[in-house]
1. So, A96, is that one crowded, with 17+ Cβ neighbours inside 10 Å, aliphatic (A, V, I, L, M), outside the structural domain of P171 (by TED's automatic domain parsing) and at pLDDT below 95 or not?
2. Which residue out of R197, R207 is without any contact (Cβ under 8 Å) to a residue 60 or more places away in the chain, under 28 Å from P99 (Cβ atoms) and either over 12 Å from the mean Cα position of the chain (by Cα) or not assigned by TED's automatic domain parsing to the domain that holds P171 (or both)?
3. Among T162, T150, T173, which is at pLDDT below 90 and at negative phi?
4. Listed residues D5, D20; which is acidic (D, E), in contact (Cβ under 8 Å) with a residue 12 or more places away in the chain and surrounded by 15 or more Cβ atoms within 10 Å (Cβ to Cβ)?
5. Find the residue count for the stretch 135-153, including only residues that are small (G, A, S) and either assigned to a loop (DSSP other than H, G, I, E, B) or buried (at least 16 other Cβ atoms within 10 Å of the Cβ) (or both).
6. Just give me the residues in the stretch 171-185 being surrounded by 15 or more Cβ atoms within 10 Å (Cβ to Cβ) and farther than 30 Å from A22 by Cβ, in sequence order.
7. Six or more apart or on different chains, Cβ under 6 Å: which pairs go from a residue in the stretch 291-316 that's under 15 Å from G110 (Cα atoms) to one that's in a helix (DSSP H, G or I)? Could you list them?
8. Applying the selection to the stretch 155-190, what residues are outside any loop (DSSP other than H, G, I, E, B) and either out of contact with any strand residue (DSSP E or B) (no Cβ under 6 Å at 6 or more places or on another chain) or without any contact (Cβ under 8 Å) to a residue 60 or more places away in the chain (or both)?
Amino acid sequence: MHSGDEGVVVELGSRWRAGDAAVLLGGIRRALARDVPLTLVHRGAGGGSLLQAASGEWPRLRCREIVQGRHASFRPRSPRWTQYRLPAPDPASGPAREPAGVAISGGLGGIGLALASRLAAAGHRLWLLDRRPAAGLPAAALRRLAAVVTRTHVVVDQVDVTAAVPAAPFPITRLVHAAGELDLTPVGELADDDLERLAGGKAGALRTLVRALAPAGLRSVVAFGSTESRRPHRLFGGYALANELLRREAARLRQEHPGMRVVTAEWSLWSAVGMGAAAAAMAGRAGFAVVPPDWGVQVTEQLLDERRPAPEEIALGGPQPTPDRPLAAIGGVGGSSLTMDDASVRRLVELCRPGRAARHRPVGPRDRVVRAQVAGHTVYTWGSGCRDWNTRTPRRTG
């Protein structure tokens, strides 16, 4: 960390390391104390999400982020995107027909059990990993787990996947990383050690899981992140940083395992299940999109199927879908369009480019991120490389 009369500069490396939390929090505190701008410079370590959360708590805090020699502050940049249709679940298709061995970290949580129910119906063998013991689950969760056990082969292991992964009980070819921790603490009250634990937990667990399972034939990974990593709200600084680091770790794993599909699903709140179920109910009443569990697990099942094309990153949140426009997107920020059927896609195209027939191309190997943006009554969608996320409404063409 360097500081002077003109500002504070925090330099991190190519990946998040032990001690970075203290350095970054120290930079924020020093910039606030001196009332000077804060610049974060790194080559892939991350940390910008924490600065955004801190800026939300202290509006006078001026921050920017510089990554690998390119300017990546919170100001918009010129987009370079093309329209693209994200494959959507087909309610009439039913479960996938090819059973596989699937591991689910956080498998005894609300989302984990909802996904297990869906995968059990398709005959997949399930390995549920969780820190909590199955015997300590609430009665409703125990009944759901018992129903899953009656439909397929299920093994439950109580384990902290941030530390180690036991030997798999059967060949695992697909992994869902749904484990995580929600700690709503203001950035100003975060202790260095607490942020250190929160920041690297999800990313470290993902790497531990992949390292353990890849040698035996792991082919597909879906890592559950959060839209908070893109535009965090107040109190979500540690949570946002954990999910930002998860996204960055997933990108590294793609490079290290080119034959493995790794998708980062940065969901909004799930309704009725998961850590944010109560908050999701309020968000839904306020008009924001939440993920219906039945629909969310169906999408996840499709993302797990490495035979299907899919982008590497998906973000989902924003304004509530309507029967006329069953679309979820991050309004005014950016996100992924997830359409429910072909008719929805046609309506979406009409909204995107009124008066013109826009063709959607299938996903290609270079498609990494899918976006949708709501501006007034118009929905814009496009696909792009991972560096093209921004907050500006794209210019309409044609």
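The values are calculated or read from the model by the stated rules, or taken from the named source; none is laboratory data. In this text, all values refer to a predicted model and were calculated from it rather than measured experimentally. Backbone-built Cβ (ideal geometry, glycine too); neighbour counts: all protein chains shown.
1. Details: crowded, with 17+ Cβ neighbours inside 10 Å: yes; aliphatic (A, V, I, L, M): yes; outside the structural domain of P171 (by TED's automatic domain parsing): yes; at pLDDT below 95: yes.
Spelling it out, A96 is indeed crowded, with 17+ Cβ neighbours inside 10 Å, aliphatic (A, V, I, L, M), outside the structural domain of P171 (by TED's automatic domain parsing) and at pLDDT below 95.
2. Details: R197 fails: under 28 Å from P99 (Cβ atoms).
Exactly one of R197, R207 is without any contact (Cβ under 8 Å) to a residue 60 or more places away in the chain, under 28 Å from P99 (Cβ atoms) and either over 12 Å from the mean Cα position of the chain (by Cα) or not assigned by TED's automatic domain parsing to the domain that holds P171 (or both), namely R207.
3. Numbers: T150 fails: at pLDDT below 90; T173 fails: at pLDDT below 90.
Just a single option satisfies the conditions, and that option is T162.
4. Numbers: D5 fails: surrounded by 15 or more Cβ atoms within 10 Å (Cβ to Cβ).
Going through D5, D20 in turn, just one is acidic (D, E), in contact (Cβ under 8 Å) with a residue 12 or more places away in the chain and surrounded by 15 or more Cβ atoms within 10 Å (Cβ to Cβ): D20.
5. Of all residues in the stretch 135-153, those small (G, A, S) come to 135-136, 139-141, 146-147.
Remaining after also requiring either assigned to a loop (DSSP other than H, G, I, E, B) or buried (at least 16 other Cβ atoms within 10 Å of the Cβ) (or both): 141.
Looking only at that region, the number is 1.
6. Our first condition is that a residue be surrounded by 15 or more Cβ atoms within 10 Å (Cβ to Cβ); within the stretch 171-185, this holds for 172-183, 185.
Scanning the stretch 171-185 gives I172, T173, R174, L175, V176.
7. The qualifying pairs are P293/A114; V297/A114; V297/L115; V297/R118; T300/L115.
8. V155, V156, D157, Q158, V187, G188, E189
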